[in-house]
Every structure is written in C-alpha cells, then in structure tokens.
Amino acid sequence: MSDLQLTPEEQALLEGAAGPGVQRAMEIVVTLGRIYGAHDLVPIRHAQIAGVSYKNLGDAGVAFLNEWAEEGAKVRVPTTLNPAGMEIDRWQDMGIDPSFAQAQIEAIKAFTKMGITPTMSCTPYLFPEYAPQRGDHLAWAESSAVAWANSVVGAYTNREGGPSALAAAIVGRTARYGYHLLENRRATHVVEIQCPVRTIADFGALSYMIGKRVGAGVPWFADLATWLPPLPADLTQGEEAGDRLKTLGAGLAAYGAVALYHVADYTPEARELGEWLIRPDAKRIVIQSLHEGYGVMDANPEITEIDLVTIGCPHASLSELRFIAHYLTGKRLATRLWITTSQITRARAAQEGLIQLIEAAGGEVVADTCAVVAPVRSLGIRTMATNAGKMANYAPMHSGVKMRYGNIEQCLQAAITGSWPEDVVSN
Ligand code: F3S
C-alpha cells in the first residue's frame, strides 16, 4: 500500500471542497500516485494537454470534456493544447468536412472553458512565454515535448496521458514519481556513434534505431555532441541544434517510449552531473551506420509521385521556416506542401516576411494541426514525403498513407517537381 501523504489542502480537494470537477481531477492524480508509489504531490509550473484532435477524441471524448467543464473544473497553472484536427480559422480552405469541424470546435471550447490556452501546438517549448526552465516540474502529455523538456531543458515531467495532464493542471500538482525523481533519470544505455549524423533526417533515422533498442529506457549519447552545434541560449528560435534535438526526441518517443535522454557534455543534466548519471548496469549500444533507420522510414521506395510534402513534426520552428522560405524564393511548387507549425510561430515568421515567400511559391504554412492528426485521407492524400522521423512512422499508421523519407532539400525538391528525387545533397 502506498504511503502517499496529502497536505490538508490537497485532502480537502479530494473530498470535494472545490466542487466535483476538481474532486474528479484530484482522484485521478491521487490514484496515479498510489499506483506508482509516490510519497507526495509536487506543484507543477505548466501543463500540456494531448489528445485534442476530434479524430482521436471521437464523440465520447468530446462529451467527457464537456462534462468535466460543466462540473466547474478550471486549470490552476498555465496550460496549453496539442494540435487539433484542423486549422481552427481556416478549416474550410483545408477542405475539412463541416461535421468534423463542428465537433472539433466544440472540443476546443470545452478546453478553453476550463481556462486552457488554445495554442494547438506540440512545441510549447518554442513559445517564449511557456518555455520551461531547468528544474521545473511539469505535467506534459505530448511525448515529443516531454523528451525535449526532460532532456534539452532539464525540467521534470513524466509522459502523461491526456486526462492525467488535464487532471494535474486542474489541481496544479502531479504525483512525485518516475522522472520527477533524480534516481530514475540515470541512463540505462550508453550509445556510441561511429558514423556521421548531420541532417534532421539523420537524427530521425538515429531516433528509430535507438528507440527500438532502448524501449522505455534512458539513453546516454556518449559522443553525439560532435554532431551538434552549441545549444543556443534562446531555444525558442529552433536553430540547427534545437531542430535536430526536436526530431531526435520525437523519434525516440515514437519508436521507443523514451521520455529522457542525455548527451554527454551537452545537455544540462549531463553537464552538471556527468557520468554519475550512467547506471552501473547500463548496456552499451554501438551505431555504425544509419542504414537500418533509413530502410524502415523510407519504406516505400517504389513511390515516386508525391501528393503532399510535409515538414514540421514536431511543429516547425522559426529557423526551419527561415530555411524553407529562402530555399523556395523564386520557385513554383508542383505539388502540395504543408509546413505545419503553431499560430505563434507563424505570426513571428510573418513579421520577418517568411510566410509571404513560402506562399508566393505555392506552399501552405498550416497552423494548429499536422498531417497525423488531420484527416488527410479524406483530403485525397495517398502519398507523402517528410524529413521528420516521427511523421514517417505515424502518418502511415494513423492515416494509411505511403511515405518517402529524406533530407529537407529532397522534400522541397519533391514539392517543386512533384516527384521524389533520389539524391539531393544536404548543405
Ligand atoms: Fe506534433 Fe503531429 Fe508530429 S502533433 S510531434 S507534428 S505527429
């Protein structure tokens, strides 16, 4: 039996002092705490809610959210939302079915009624006002963002589910277990890399190979810093380092169940605690080539005609938008290109004139959603291309499309010509 201790205030919330909505939330947090053997609850600074798309929620999910909101549940900490199934203000332009759109809007209304900010993005860490800090406790439900917060920032969060993150937001606390405890943050595997890892697509291929091998473990990358530019002080721009780590964490979480990784002499916790962070029984993994990862992610080499090129999984950063805008300047696209991002990043990019350059070439900068959570099959899309490791796995699985996978230049060339170029060298 767990010896979970509650403060008098927490006990009162559990007994319904703040109403049934808060009581329901406290019951979820306490039950999880008891299951996982937590001794107490810890205040959180921010929550990120996943499972926002109507494609995942269905009618039962929307009804559940409405009921919780009707019970008077309100979040006590800043709380943001994962991508929805469509761009909220431009769903007609996307060709979304009105019945889908109506249900999606109803779900967003239930979230906002609870006080949640409808950012509709999987990259809350790219928003200056929400970016977590070293040592923050969070309740984040987007697995790619969890990997970023724990690893790149050195914040503390478990891989929450949609309801548990929402419950934590409503009570402002989560149970202290798992990655909230330093002991559980020690590495289970030491990874040595003996081949070049240069592009975002290379980091995606690597993420497959390590995710598959470590499962829910904690990898320690002994020499990956060689392939990373220094981490910038302002991580909200993206930059080369951030864009590679964004893809690495997303793929590790998707192909394994990784919530935390360390890069020796690079990520904050690894710099502070050094090799103490490696468990004495850690297993060794040596990677000599990325061939296996590319083989799995670029699984349909027979596909040459591409219906949709999609970049921005996790949601594109300002630096990715800068690269794409400059690459496409003066070009005309032959096939559909979606760069998926947040409203916040799109607005920042528009101030620099980047959106205008991409749109002039015929590209679409789509906010609030992505090609996994949007109903792309019903938009007539059968073949896709991407440079994002997680997208290469999730889009075929969730949307039944066939995928090509390669570096960003290959993807953009595919958008310009409409067919997949076998070799485009990355700069
Ligand atoms: Fe984000 Fe969609 Fe990828 S939610 S991490 S862009 S699958």
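The values are calculated or read from the model by the stated rules, or taken from the named source; none is laboratory data. Small disclaimer: the values here were computed from a predicted structure and weren't measured. All Cβ positions, even for glycine, are placed from backbone atoms using ideal geometry, and neighbour counts span all protein chains on display. SASA here: full protein model, heavy atoms, side chains in, ligands and nucleic acids out. Shrake-Rupley method; radii C 1.70, N 1.55, O 1.52, S 1.80 Å.
For first residues located in the stretch 74-87 and charged (D, E, K, R), partners that are open to solvent by 20 Å² or more (accessible area, probe 1.4 Å) and assigned to a loop (DSSP other than H, G, I, E, B) and lie 6+ apart or on another chain with Cβ distances below 7 Å form the pairs 74/115.
Can you find a residue that is of a type in the set (D, E, K, R), free of Cβ contacts under 8 Å to residues at least 60 places away in the same chain and open to solvent by 30 Å² or more (accessible area, probe 1.4 Å) anywhere in the stretch 203-224? So far as the stretch 203-224 goes, yes, one or more of its residues are of a type in the set (D, E, K, R), free of Cβ contacts under 8 Å to residues at least 60 places away in the same chain and open to solvent by 30 Å² or more (accessible area, probe 1.4 Å). For beta carbons closer than 6 Å, sequence separation of 6+ or different chains, a first residue in the stretch 371-382 that is open to solvent by less than 10 Å² (accessible area, probe 1.4 Å) and a second that is more than 16 Å from the ligand (Cβ to nearest atom), the qualifying pairs are 381/307.
Here residue 127 passes the criteria (1) away from the ligand (no atom under 16 Å from the Cβ); (2) within 23 Å of the chain's Cα centre (by Cα) except the one numbered (1). In the stretch 134-154, the residue that is nearest to the ligand (Cβ to nearest atom) out of those that are of a type in the set (Gly, Ala, Ser) and open to solvent by less than 10 Å² (accessible area, probe 1.4 Å) is 144. Listed conditions (1) more than 17 Å from residue 85 (Cα to Cα); (2) of a type in the set (S, T, N, Q); (3) touching a strand residue (DSSP E or B) at 6+ places or on another chain (Cβ under 7 Å) are all met by residue 342, apart from (1). Under the condition of being free of Cβ contacts under 8 Å to residues at least 12 places away in the same chain and not acidic (Asp, Glu), which residue from the stretch 91-133 is least open to solvent (accessible area, probe 1.4 Å)? Looking at the filtered set, the residue picked out is 112. Contact annotation: residue pairs with Cβ atoms under 8 Å, 6 or more positions apart or on different chains, pairing a residue in the stretch 43-70 that is in the same structural domain as residue 120 (by TED's automatic domain parsing) and open to solvent by 70 Å² or more (accessible area, probe 1.4 Å) with a partner that is within 16 Å of the ligand (Cβ to nearest atom) and of a type in the set (Val, Ile, Thr), are 55/373; 56/373. Of the candidates 247, 267, the single residue that is buried (at least 23 other Cβ atoms within 10 Å of the Cβ), farther than 19 Å from residue 293 by Cα and touching a residue at least 40 places away in the same chain (Cβ under 8 Å) is 267. Tell me which residues, restricted to the stretch 331-352, are touching a residue at least 24 places away in the same chain (Cβ under 8 Å) and surrounded by fewer than 18 Cβ atoms within 10 Å (Cβ to Cβ). Residues satisfying the conditions are 331, 332, 334, 343, 352.
If we keep just the residues of the stretch 365-397 that are charged (D, E, K, R) and in contact with a helix residue (DSSP H, G or I) (Cβ under 8 Å, 6 or more places away or on another chain), which is farthest from residue 94 (Cα to Cα)? It comes out as 390. Residues that are away from the ligand (no atom under 16 Å from the Cβ), of a type in the set (A, V, I, L, M) and not in a helix (DSSP H, G or I) within the stretch 48-79 comprise 73, 75, 77, listed in sequence order.
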